[in-house]
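Heads up, the thing below is written out as structure tokens.
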Amino acid sequence: MEDLNNKVVVITGASSGLGAETARQLVAQGAKVALGARRMDRLKELVAELGPENASAFAVDVTRQTEVEAFVADAKSKWGKIDAMLHNAGVMPLAPLAMKRVDEWDQCIDVNLKGVLYGIGAVLPIMQEQGFGQNLFVSSVAGHVINPAGAVYCATKFGVRAIAEALRQEVKQYGPLRTTILSPGAVDTELPGSVKAEGVHEAIAGFYEDQAIPASSFGRAVLFALSQPADVDINEILFRPTKQDM
Ligand SMILES: NC(=O)c1ccc[n+]([C@@H]2O[C@H](COP(=O)([O-])OP(=O)(O)OC[C@H]3O[C@@H](n4cnc5c(N)ncnc54)[C@H](OP(=O)(O)O)[C@@H]3O)[C@@H](O)[C@H]2O)c1
């Protein structure tokens, strides 16, 4: 395994859940992390916990392209390089299509798909110029399996996998640029809170309560993908709680 000491990792959606836990695990390995999300109070608490010599915070709404560009530029100027970017910010507003929750359709597509595209757009020129870099994308079991109430969320997570695979194929000429898709099953985070639709919210809360595994599972998968030598590209990791059936 390669040493992660002084590797610089940019993380969207770092204010809670998978992003925050991964930041903790990375800093424990000696990495530096640039944390982005909308809730700056949460990010500041995390920077205080990790130490300002190891972590920086930036307020970013990933649905706004100029903010994503500013976040990535800030990370590069603070830390001098970007070894990897974890495109992690996401929402999961599950609901049957017949409920016609148009605002949630828009939000889900804007955060989970357009936010990811804006992240690539911001970081790729830096990685091309450096001649190295790794983009890690957070899809889901819902990027492999479709369920009722999951139409839009699944579409975004299938879409993330399509974008990541296209990126993998497109960047060969720029040096060792690697592309990793992480597809977790139920992991204990704040994500079920983004399910607001009556009936669905209760079902998802119960499912997570029964089955979800700790966020440390995800952090270990990220560390595994990041710790490979430059000629090894871990393209996809799909994992579930052992209890989870679908
Ligand atoms: N937990 C699971 O079971 C699971 C399973 C499969 C995939 N995933 C995926 O994992 C990723 C992380 O989710 P999580 O489980 O850690 O949930 P979480 O605890 O709710 O974290 C979601 C993160 O996304 C950020 N975010 C949401 N909207 C944003 C926006 N417009 N701009 C910037 N940041 C935004 C939130 O920060 P702010 O609210 O502070 O902006 C938060 O930091 C998501 O892509 C999710 O789809 C999770």
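The values are calculated or read from the model by the stated rules, or taken from the named source; none is laboratory data. Just so you know, these numbers come straight off a predicted model, no measurement behind them. For neighbour counting, all protein chains shown are included, and Cβ atoms are generated from backbone atoms with ideal geometry for every residue, glycine included. Surface areas here come from the heavy atoms of the whole protein model, side chains and all, with no ligands, DNA or RNA. Shrake-Rupley method; radii C 1.70, N 1.55, O 1.52, S 1.80 Å.
Bridging of residue 81 to lysines at a Cα separation below 27 Å is possible for 7, 32, 44, 114, 172, once same-chain residues fewer than 8 apart are set aside.
For Cα pairs less than 8 Å apart in space and 6+ apart in sequence, what is the mean separation divided by the residue count of the chain, i.e. the relative contact order in percent? Normalised by residue count, the contact order of the chain is 21 percent. Think of it as helices only: each DSSP H run of n ≥ 4 in the chain is worth -39500 (n - 2.57), and spread over all residues that comes to -13500 deg cm²/dmol at 222 nm.
Relative to the Cα centre, the charge distribution of segment 8-239, modelled as +1 at Lys and Arg Cβ and -1 at Asp and Glu Cβ, gives a dipole magnitude of about 380 debye.
In the complete set of protein chains, residue-level accessible area for residue 100 is approximately 140 Å², probe 1.4 angstrom.
For residue 85, the residues 5 or more places off, or on other chains, whose built amide H falls under 5 Å of its own are 10, 134, 135, 136.
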